[in-house]
Each structure stands twice: as structure tokens, then as C-alpha cells.
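Asks: One structure, pasted below without further comment.
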Amino acid sequence: MDFGALVGVFLGVALVNNFVFAQFLGICPFLGVSRKVDMAFGMGCAVTFVMTISGVVTWLIVHGILTPVGARLLGNPEALYVLKYVIFIMVIASMVQLVEMYLKKFFHTLYTAFGVFLPLITTNCAILGACLLIDMNEIYRASLLKSAVFAFGGGIGFALAITIMAGIREHLRHSNVPKALQGAGITLLTACILALAFQGFAGIGK
Amino acid sequence: MAAPTTNLQQFKAGLLDNNPVLVQLLGMCPTLAVSNSVENALVMGAAVFFVLTMSNLITSLLRNRIKPHVRILIFTLTIATFVTIADLTLRAYVFEVSKKLGPFVPLIIVNCIIIARAEMVAIKSGVWRSLADAWGCAIGFTLALCILATIRELLGAGGITILRDAGWAWHVSPKAFEPHAWVIMIMPPGAFLTLGVVIGIVNHLRARGARGGA
């Protein structure tokens, strides 16, 4: 496995195809939890953590269980793929639970740092989105390592986006925003300018 | 706004006063992602209509049997089942559009609009009330998506094309404008810009309406 390809995957998903600014995944927490930098950073780390684990686990379930079982019992490797979505969402929900219990027991400082964000992540569409994108793409379907790097890079890209946004919003509090645009309106317009900036990354990591 | 008392009011609340996208700001991800063309918006709206109707129907029928502590799990599994059906149907009949929608059809599973309707209405109301609510919200969602998609496709592509792959195109295009189309409007920044401006306008109109009405 050459290292360059992995760096390409990472940069591609973290910057060029940033989950928030190019693929519109995880917009709800992006609008909701981006008021303060430390909260945004906590959310970003929690998402990266769960996204990497869920990406790997769903890959293992699809290729380690669904495909061989479907091939052996039903004669068609894709026969059980109808169960994919139900399984993905259950894996993510239970992963969040497991990660929460594990952190609480063994890494208590990290657990208190993540705080309320862990349970919120179950309905974060960026996590399910990462699992689905891995499953839809030939390159990631063929390699577990690339899938793991993709999921990790996606999480880092999300963390980057939400932290930048929170930094800007902390300053926006002191500016004179028209009444109708306060809240979601001005955040979306700021996101528009940030998305324009992220368009500038197109071309690297290819 | 007074709480809706009849089924018709419940329907209207989801459609306008309590529009899930423009007023409640739910389901932002699909709104931004699939509003780049009217065709995508309509197909996505149809998928959400189907899933929301079935999930509200099932939840409402089971409302006396679901134990409170497992309700979210039941909602999610019901929704995931119907999303799988919708996804397979779309792939069978409108493959091109379903490919363009990418992960956003399966992502209906975690769409907050659908869980919110199950939790707020279907779990404690009768079947007809839940269906009226589902239809109001689903049509309200489609309406919001279509408004955004119309703006973005007109400015970004110079005209609106529906059903190009099926062979009969419907192209409304101000010819003078087409060569000067702003491609940025159908790209990601255009999505944020359009939604931000439309939400601003809606807020302004609501504030004025509240002042005028009182």
C-alpha cells in the first residue's frame, strides 16, 4: 500500500470534498453547535472519533458478514444488501453507546470533555453519510485501510469546518446584523463565503 | 399561532406557518444538497413524502403498544425500513436521478423532520391527524426545496430542465440570460447563499405579518 495514495484520500476528503462545505453532511450540528470555539472543537473531536470507528465497523460487517453469508446461504453475495441501511443505523447507535461506556470507564477526562456531544452524534448525518459514501465507492469498497483514512479525514474536515465557523461567530456577536438575518441567516451567508474559499482547494490530492 | 385543532389546520401548519425547512430549520442537509435542480428536488420530495406518510401511519397505529423508552429505536427502524423500500424503488425507475441524489436518499433515515413528526404528533394522535400532519410537512418540505431549486437552477443553469433522461424535456429559459448564467449558484456556495437569503426574507415577512396581525 503506497503512502501517497492514503495522503491523497485524506486531503481529498478533509479539504477538497469537505463534508460540510462541499457535500452538505452534518449541517445541523454545524449550525447548532458552532457558537463557541471550545464546544465546536469538542463536537468535532467526538465526531471524528465515532466516524472512524463506525466507518471501519460497517465496512467489516458488509464485507465480513453480509457478503459471505448472502453468498453461502442464498447463492448471491448481494442478497442481504437490502439490510444495509437498517444495520448501518443500528451499528452507529450502538457504537456511540459503546464508545460512551468505554470512555466513561477508562478515559474519564476525555469523557467529560466530550460531554453531551456523544449521544447527539447518533443522529448526525455526517456519520451515516461517511459509511454510505464508503459503501458506494469502488475504491473504498476494495480497501479497509483507505476506508479508515477516508472516515478519519472526513471527521477532521468536519472538525475544521465547525471550528472555523465558531471562531467567526464569536466575532459576529459584536457586529450589527440585520434583524431578519440573525441566527441561521447570517450563519448560512458566512458559510457561503467559507465554501467559496474551500472551492479553492479543488485540484489538490487528486 | 394557536395549536391546530382540526386535521385541515394540522395540514396547513406543516405547509406554511410551521414549514419544516424555512421556519423550523429542520432537515438542512438534504435541503442544501438536492436543491441544485428542480428535478432532484421533486424526486427527493416524493421520497420524503412516502417515508413520512408510512412512518407516521405505522407510529400512529402502534402508539398504544410502543413502550416509551424504546420509542426512538422503533421510529428509527420503521424509518430505515421504508427508506430502503424508497431507495430500491427509485433505483429501479429513475436510476439517473437516484445516482445524482447519491447518499441523500438513504440519509432520510437520520432526517430530523421525520423523527420530529413521529415524536411530536404521530405517537399521540389518531391515524387521520397523523396523516394530515405527514402530508402537510412533506408537501411543505417539497415546496421549500422547489423554491430554492427554482432560484438556483434559473440563475445557475439559465433554465429549468425536468425529465431530460425520459426523453421529454421541459425547458423554460430566458434566452438572453443563458450565456451569463452564474455557475456558482448550482455549486455548494450557491446553496448556502440562496438558503440564507430565503430564510432572511421569510423571517422578515413573518416579523411584518406578526406586527400587522397584532
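Asks: Among what's in segment B:82-97 and is among the hydroxyl-bearing types (Ser, Thr, Tyr) and within 19 Å of the chain's Cα centre (by Cα), pick the residue that is nearest to B:MET54 (Cα to Cα). First the steps, then the outcome.
Replies: Start the filter on segment B:82-97 by keeping residues that are among the hydroxyl-bearing types (Ser, Thr, Tyr), which leaves B:84, B:89, B:93.
Still in the running and within 19 Å of the chain's Cα centre (by Cα): B:84, B:89.
Details: B:THR84: 12, B:THR89: 15 Å.
Only one residue tops the list, namely B:THR84.
Asks: Next question. Could you please find all residues in segment B:105-121 being more than 19 Å from B:THR84 (Cβ to Cβ) and not in a helix (DSSP H, G or I)?
Replies: We begin by selecting, within segment B:105-121, every residue more than 19 Å from B:THR84 (Cβ to Cβ); these are B:112, B:116-117, B:119-121.
Within segment B:105-121, B:VAL121 is the sole residue that qualifies.
Asks: I'd like to know if segment A:31-38 contains one or more residues that are buried (at least 17 other Cβ atoms within 10 Å of the Cβ), in contact with a Lys or Arg (Cβ under 7 Å, 6 or more places away or on another chain) and on the phi < 0 side of the Ramachandran plot.
Replies: yes
Asks: Need pairs with beta-carbon distance below 8 Å; first residue within 8 Å of chain A (Cβ to nearest Cβ) and surrounded by fewer than 19 Cβ atoms within 10 Å (Cβ to Cβ) and within segment B:185-203, second among the hydrophobic types (A, V, I, L, M, F, W, C) and in a helix (DSSP H, G or I); sequence gap 6+ or separate chains.
Replies: Every condition considered, the pairs that remain are B:VAL197/A:LEU189; B:ILE201/A:ALA180.
Asks: Can we say A:TYR111 is assigned to a helix (DSSP H, G or I) and either surrounded by fewer than 18 Cβ atoms within 10 Å (Cβ to Cβ) or touching an Asp or Glu at 6+ places or on another chain (Cβ under 9 Å) (or both)?
Replies: Numbers: assigned to a helix (DSSP H, G or I): yes; either surrounded by fewer than 18 Cβ atoms within 10 Å (Cβ to Cβ) or touching an Asp or Glu at 6+ places or on another chain (Cβ under 9 Å) (or both): yes.
Yes: the conditions hold for A:TYR111.
Asks: Return a yes/no flag: does segment B:8-31 have any residue that is surrounded by fewer than 17 Cβ atoms within 10 Å (Cβ to Cβ) and either touching a Phe, Trp or Tyr at 6+ places or on another chain (Cβ under 6 Å) or facing another protein chain (nearest Cβ under 10 Å) (or both).
Replies: no
Asks: Sticking with this structure for a sec: Name the one entry in B:ALA13, B:ALA118, B:ALA80 that is of a type in the set (Gly, Ala, Ser) and closer than 19 Å to B:LEU143 by Cα.
Replies: Numbers: B:ALA118 fails: closer than 19 Å to B:LEU143 by Cα; B:ALA80 fails: closer than 19 Å to B:LEU143 by Cα.
The conditions single out B:ALA13.
Asks: Can you give me the number of residues within segment A:85-112 that are within 12 Å of chain B (Cβ to nearest Cβ) and touching a helix residue (DSSP H, G or I) at 6+ places or on another chain (Cβ under 7 Å)? Steps first, answer last, please.
Replies: We begin by selecting, within segment A:85-112, every residue within 12 Å of chain B (Cβ to nearest Cβ); these are A:85-94, A:97.
If we keep only those that are touching a helix residue (DSSP H, G or I) at 6+ places or on another chain (Cβ under 7 Å) as well, we get A:85-89, A:91-93.
Of the residues in that region, 8 qualify.
Any read-out appearing in this document is the output of simple, stated calculations on the displayed coordinates, not a laboratory observation. Nothing here was measured: the structure is a model prediction, and the numbers come from that model. No Cβ is skipped: glycine too gets one built from the backbone with ideal geometry, and neighbour counts run over all protein chains shown.
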